[in-house]
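**Student:** Questions regarding the structure given below will be posed in turn.
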Amino acid sequence: MRKMSKLRLGVCLTVVALLYFGAWYAEKSMGANLGQAGFMLVGAYVYAVFTIPLKKHAAVYQYYNGGIIQFELPLIVALLLAGIVAALLAALIGLPVLRLKSDYLAIATLGFAEIIRAVVQWDSLGPITNGSNLLKTYPTFNNTKIFGTTVLFPFIVSGVCIALILLIINSTYGRAFKAIRDDEVAAEAMGVNLFHHKELSFVISCFFAGIGGALLAMFQGTVQANSFKSAMTYDVLLMVVIGGMGSVSGSVIASFLYIACSEWWLRFLDNPLTIGSFNVPLLRSGFRMVVFSAVIMVVVLFFRRGIMGDKELWNIGMRRQKAGRRARK
Amino acid sequence: MSESVLRLENITMQFGGVVAINDLTMHIDQGEIVALIGPNGAGKTTAFNCVTGVYEPTNGAVYFHDKLIAAGHPQGKMKRMYAGTNADKFVGMKVSLTPDRITHMGIARTFQNIRLFKSQTAFENVLIATHLRRTSNIFTAAFHLNYKEEKRNRDRAMELLGIVGLADVAEEKATSLPYGMQRRLEIARALATQPTLLLLDEPAAGMNPQETIDLGLFIQRIKEKFGLTVFVIEHHMDLVMGISDRIYVVEFGKLIAEGTPHEIQNNQAVIDAYLGGNDE
Ligand SMILES: Nc1ncnc2c1ncn2[C@@H]1O[C@H](COP(=O)(O)OP(=O)(O)O)[C@@H](O)[C@H]1O
Ligand SMILES: [Mg+2]
């Protein structure tokens with residue numbers, strides 16, 4: 001059972017990493033979206049608020065007379081809505097900010113993440129957000145069954161997300177995003193409207209961040225604004241960097257490695273270990289994070305372009321074939 | 001009477017205290033190949049940038065097919081600093097379109113310092129330039145409902161690569177190609193936007209004499225094939241004299257001569273300023 005939940009965590013964070021992924025296009029040209037946690041929070045809240053069963057409202061919103069939202073939405077609709085609301089907020093933020101050159105987006109999104117965290121805990125919004133109290137009893141991974149099993153749901157959602165992202169990347173819009181990343185001036189000269197496309201890629205990435213937040217809510221079983229701190233953004237950022245900016249499969253691999261390292265493989269470092277009468281030094285609570293940070297440093301230093309660079313897993317074989325064919329010619 | 005494609009009226013571009021172009025007036029007619037020559041730093045690239053919307057002219061107006069596409073007059077701090085002429089002529093006129101809008105209207109360009117999309121293949125570089133004429137939106141594109149258009153664009157990109165002689169290297173990374181090929185790839189990419197006016201900024205830079213001759217023939221060929229009007233900045237005098245219908249000569253931002261290749265070759269001011277001074 002424990003192992004199962006770890007697996008789900010892995011899948012869930014994979015999705016989260018992917019969700020972040022949309023933003024990489026923009027990284028160079030419009031500055032990073034440092035508000036990932038904020039958009040995930042929005043997604044988590046939208047999902048939770050609209051899926052808490054009506055008969056549980058009285059208990060959940062006990063300080064707010066059962067809340068004011070007196071309906072519940074089907075899970076899938078709420079999941080989509082989580083993405084849509086995050087995307088709409090992104091569109092609003094992007095409108096003024098993306099017209100400016102340079103790194104204002106990073107600052108604006110960082111500010112947004114901090115503000116939104118405060119806003120949802122605001123007492124006047126309590127009847128909707130439950131203030132600073134937990135949201136709970138909404139459907140989670142543990143009780144969402146597909147074909148009679150709870151294992152499938154996160155896999156299916158992440159599969160759909162990956163497919164969508166790949167479809168977008170491989171469309172004419174994906175190519176335009178990449179062009180902007182490569183050379184803004186040239187892209188503009190080739191007729192790519194910078195503002196329109198930056199706004200679009202920002203909105204798309206935040207749509208997926210919203211869904212990622214909803215999935216995180218499903219995984220955790222409870223939602224509380226304070227857990228959506230900037231550190232979460234950095235976790236996600238790290239996965240993308242480690243995986244290789246611009247590689248979907250890289251992000252997936254990296255997030256699995258990330259989870260596996262931090263949760264499974266390095267666990268033993270936190271426990272004092274005695275071999276025979278020899279007390280292995282350094283092994284104590286907290287040491288895991290030290291080693292973990294070191295591993296990340298090594299990756300960042302020696303794999304500048306991430307594990308995969310901008311290649312995809314399935315392209316590596318293809319390139320070789322092509323090279324081989326050319327050589328034979 | 002032939003129709004005017006591009007018209008610059010009293011264009012002045014001033015950066016801080018530097019007047020890069022000073023009162024440049026010129027016109028290009030339908031189907032012409034017009035060259036802009038002048039020593040380095042004379043303001044030629046800046047003129048291109050004013051036409052393509054990269055800069056808004058400090059003063060003056062640009063018309064494309066008699067439609068105003070760029071106009072400016074000294075404003076704010078520039079009112080005091082302005083060192084050009086005709087400061088009152090364009091008062092009240094201000095048009096500044098983004099470069100993509102101008103490309104959309106039918107003006108495409110190449111860059112003096114090659115600016116290909118470096119992470120992409122030659123083919124993808126050209127394909128990106130078909131994006132601006134799309135009829136798809138993000139949803140139809142993502143779900144490949146625009147497959148007909150997509151196929152058409154891919155075919156066209158491949159055809160253009162064939163025309164510039166790069167079909168064999170379509171799948172190579174653009175930046176791994178030799179210099180001459182990169183220049184031709186930039187031309188193919190510009191053509192993919194379906195321009196009526198093509199601006200070439202030193203297309204023969206870095207090419208050897210044979211490549212330069214080929215390029216001249218090539219420019220004439222695509223001009224005929226696509227019904228283009230061509231505006232070219234170039235230093236190779238053989239090329240300029242060989243293909244141009246008319247030539248404008250600038251020095252220190254000022255127009256010093258204009259005329260047919262024959263007239264320019266015999267113009268004393270030009271010989272003094274440029275032809276004599278340079279090795280050609
Ligand atoms: N963005 C800019 N800011 C300041 N000065 C500029 C800028 N662009 C061009 N210049 C100046 O304008 C002059 C003309 O440059 P340019 O048009 O590139 O010359 P050319 O293409 O004829 O060699 C140069 O002195 C250059 O330093
Ligand atoms: Mg120049």
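The values are calculated or read from the model by the stated rules, or taken from the named source; none is laboratory data. Keep in mind it's a predicted model, so treat the numbers as computed, not measured. Note that each Cβ is placed from the backbone with ideal geometry, even for glycine, and that neighbours are counted across all protein chains shown. Accessible surface is based on the protein model in full, side chains and every heavy atom, while ligands, DNA and RNA are left aside. Shrake-Rupley method; radii C 1.70, N 1.55, O 1.52, S 1.80 Å.
**Student:** What pairs can you find where one residue is in segment B:35-49 and within 14 Å of chain A (Cβ to nearest Cβ), the other is outside any strand (DSSP E or B) and more than 6 Å from ligand 1 (Cβ to nearest atom), and their Cβ atoms are less than 7 Å apart, with a gap of 6+ or different chains?
**Tutor:** B:T45/B:Q112; B:N49/B:Y55
**Student:** Quickly run through segment A:166-224 and pick out the residues that are within 11 Å of another protein chain (Cβ to nearest Cβ), in contact with a Lys or Arg (Cβ under 7 Å, 6 or more places away or on another chain) and surrounded by fewer than 24 Cβ atoms within 10 Å (Cβ to Cβ).
**Tutor:** Answer for segment A:166-224, where residues must be within 11 Å of another protein chain (Cβ to nearest Cβ), in contact with a Lys or Arg (Cβ under 7 Å, 6 or more places away or on another chain) and surrounded by fewer than 24 Cβ atoms within 10 Å (Cβ to Cβ): A:T172, A:R181, A:D182, A:D183, A:V185, A:F195.
**Student:** From the set of residues in segment B:121-135 that are more than 7 Å from chain A (Cβ to nearest Cβ) and open to solvent by 30 Å² or more (accessible area, probe 1.4 Å), which is nearest to A:D182 (Cα to Cα)?
**Tutor:** Per the stated criteria, the residue is B:R133.
Let's see how each residue does on (1) in contact (Cβ under 8 Å) with a residue 60 or more places away in the chain; (2) closer than 20 Å to A:A90 by Cβ:
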residue	(1), (2)
A:P127	yes, no
A:L135	yes, no
A:K145	no, no
A:T149	no, no
A:L152	no, no
A:F177	yes, yes
A:S205	yes, yes
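The rows are residues; the columns are (1) in contact with a strand residue (DSSP E or B) (Cβ under 7 Å, 6 or more places away or on another chain); (2) in a helix (DSSP H, G or I); (3) within 14 Å of another protein chain (Cβ to nearest Cβ).
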{"residue": "B:F139", "(1), (2), (3)": "no, yes, yes"}
{"residue": "B:R152", "(1), (2), (3)": "no, yes, yes"}
{"residue": "B:G165", "(1), (2), (3)": "no, no, no"}
{"residue": "B:E186", "(1), (2), (3)": "no, yes, yes"}
{"residue": "B:R189", "(1), (2), (3)": "no, yes, yes"}
{"residue": "B:Q194", "(1), (2), (3)": "no, no, yes"}
{"residue": "B:P203", "(1), (2), (3)": "yes, no, no"}
{"residue": "B:Q210", "(1), (2), (3)": "no, yes, no"}
{"residue": "B:I247", "(1), (2), (3)": "yes, no, no"}
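**Student:** Here is a follow-up. If I go through segment A:45-79 residue by residue, how many of them are among the small types (G, A, S) and closer than 21 Å to A:G213 by Cβ?
**Tutor:** The qualifying residues number 3.
Residue-wise test of (1) within 16 Å of ligand 2 (Cβ to nearest atom); (2) closer than 30 Å to B:D238 by Cα; (3) not assigned by TED's automatic domain parsing to the domain that holds B:H235.
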{"residue": "B:P39", "(1), (2), (3)": "yes, yes, no"}
{"residue": "B:N59", "(1), (2), (3)": "no, no, no"}
{"residue": "B:V62", "(1), (2), (3)": "no, yes, no"}
{"residue": "B:D66", "(1), (2), (3)": "no, no, no"}
{"residue": "B:M78", "(1), (2), (3)": "no, no, no"}
{"residue": "B:M81", "(1), (2), (3)": "no, no, no"}
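**Student:** If you don't mind, another one. Among the listed residues B:V164, B:V240, B:V230, identify the single one that is within 16 Å of ligand 1 (Cβ to nearest atom) and on the phi < 0 side of the Ramachandran plot.
**Tutor:** It is B:V240.
**Student:** Please work out if A:V119 is within 14 Å of chain B (Cβ to nearest Cβ) and either touching a strand residue (DSSP E or B) at 6+ places or on another chain (Cβ under 9 Å) or β-branched (V, I, T) (or both).
**Tutor:** no
**Student:** What pairs can you find where one residue is in segment B:102-120 and at positive phi, the other is of a type outside the set (G, A, S), and their Cβ atoms are less than 6 Å apart, with a gap of 6+ or different chains?
**Tutor:** Between residues of segment B:102-120 that are at positive phi and residues that are of a type outside the set (G, A, S), the close pairs are B:G106/B:P195; B:G106/B:T196.
Residue-wise test of (1) under 16 Å from B:D66 (Cα atoms); (2) out of contact with any Leu (no Cβ under 9 Å at 6 or more places or on another chain); (3) more than 14 Å from ligand 1 (Cβ to nearest atom).
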residue: B:S4; (1), (2), (3): yes, yes, yes
residue: B:N10; (1), (2), (3): yes, no, yes
residue: B:V18; (1), (2), (3): no, yes, no
residue: B:I28; (1), (2), (3): yes, no, yes
residue: B:N40; (1), (2), (3): no, yes, no
residue: B:T45; (1), (2), (3): no, yes, no
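**Student:** Select from segment B:99-120 the residues that are open to solvent by 10 Å² or more (accessible area, probe 1.4 Å), away from ligand 1 (no atom under 16 Å from the Cβ), more than 7 Å from chain A (Cβ to nearest Cβ) and not aliphatic (A, V, I, L, M) and list them in ascending order.
**Tutor:** Passing the criteria: only B:R101.
**Student:** If you scan segment A:216-237, which residues turn out to be small (G, A, S) and at pLDDT 80 or above? Full working, then the answer.
**Tutor:** Kept after step one, since they are small (G, A, S), are these residues of segment A:216-237: A:217, A:221, A:225, A:227, A:230-231.
Matches in segment A:216-237: A:A217, A:G221, A:A225.
**Student:** Separate question: Hey, among the residues in segment A:139-165 that are within 30 Å of B:R189 (Cα to Cα) and more than 8 Å from chain B (Cβ to nearest Cβ), which one's most open to solvent (accessible area, probe 1.4 Å)?
**Tutor:** Filtering segment A:139-165 down to residues within 30 Å of B:R189 (Cα to Cα) leaves A:163-165.
Filter once more, so that each one left must be more than 8 Å from chain B (Cβ to nearest Cβ): A:163, A:165.
Details: A:A163: 47, A:I165: 8 Å².
Filtering segment A:139-165 for residues that are within 30 Å of B:R189 (Cα to Cα) and more than 8 Å from chain B (Cβ to nearest Cβ), the one most open to solvent (accessible area, probe 1.4 Å) comes out as A:A163.
**Student:** Report those helices (runs of 4 or more DSSP H) wholly inside segment A:1-73 carrying at least 2 residues which are charged (D, E, K, R) and either modelled with pLDDT of 55 or more or open to solvent by 20 Å² or more (accessible area, probe 1.4 Å) (or both).
**Tutor:** Values: elements: A:2-21, A:24-30, A:36-51, A:57-60.
Passing ranges, in order: A:2-21, A:24-30.
**Student:** Quick check on B:E9: is it outside any loop (DSSP other than H, G, I, E, B), of a type outside the set (A, V, I, L, M, F, W, C) and in contact with a strand residue (DSSP E or B) (Cβ under 6 Å, 6 or more places away or on another chain)? Talk me through it step by step, then tell me what you get.
**Tutor:** Working: outside any loop (DSSP other than H, G, I, E, B): yes; of a type outside the set (A, V, I, L, M, F, W, C): yes; in contact with a strand residue (DSSP E or B) (Cβ under 6 Å, 6 or more places away or on another chain): yes.
Yes.
**Student:** Going through B:G72, B:G53, B:G60, B:G76 one at a time, which residue ends up being without any contact (Cβ under 8 Å) to a residue 60 or more places away in the chain, more than 11 Å from ligand 1 (Cβ to nearest atom) and open to solvent by 30 Å² or more (accessible area, probe 1.4 Å)?
**Tutor:** B:G76
**Student:** Name the single residue, out of those in segment B:167-204 being within 20 Å of the chain's Cα centre (by Cα) and among the acidic types (D, E), that is farthest from ligand 1 (Cβ to nearest atom).
**Tutor:** Of everything passing the filter in segment B:167-204, B:E186 is farthest from ligand 1 (Cβ to nearest atom).
**Student:** For the list (1) open to solvent by less than 60 Å² (accessible area, probe 1.4 Å); (2) touching a helix residue (DSSP H, G or I) at 6+ places or on another chain (Cβ under 8 Å); (3) under 14 Å from B:I33 (Cα atoms); (4) assigned to a helix (DSSP H, G or I), I need the number of the one condition that B:Q220 fails.
**Tutor:** (1)
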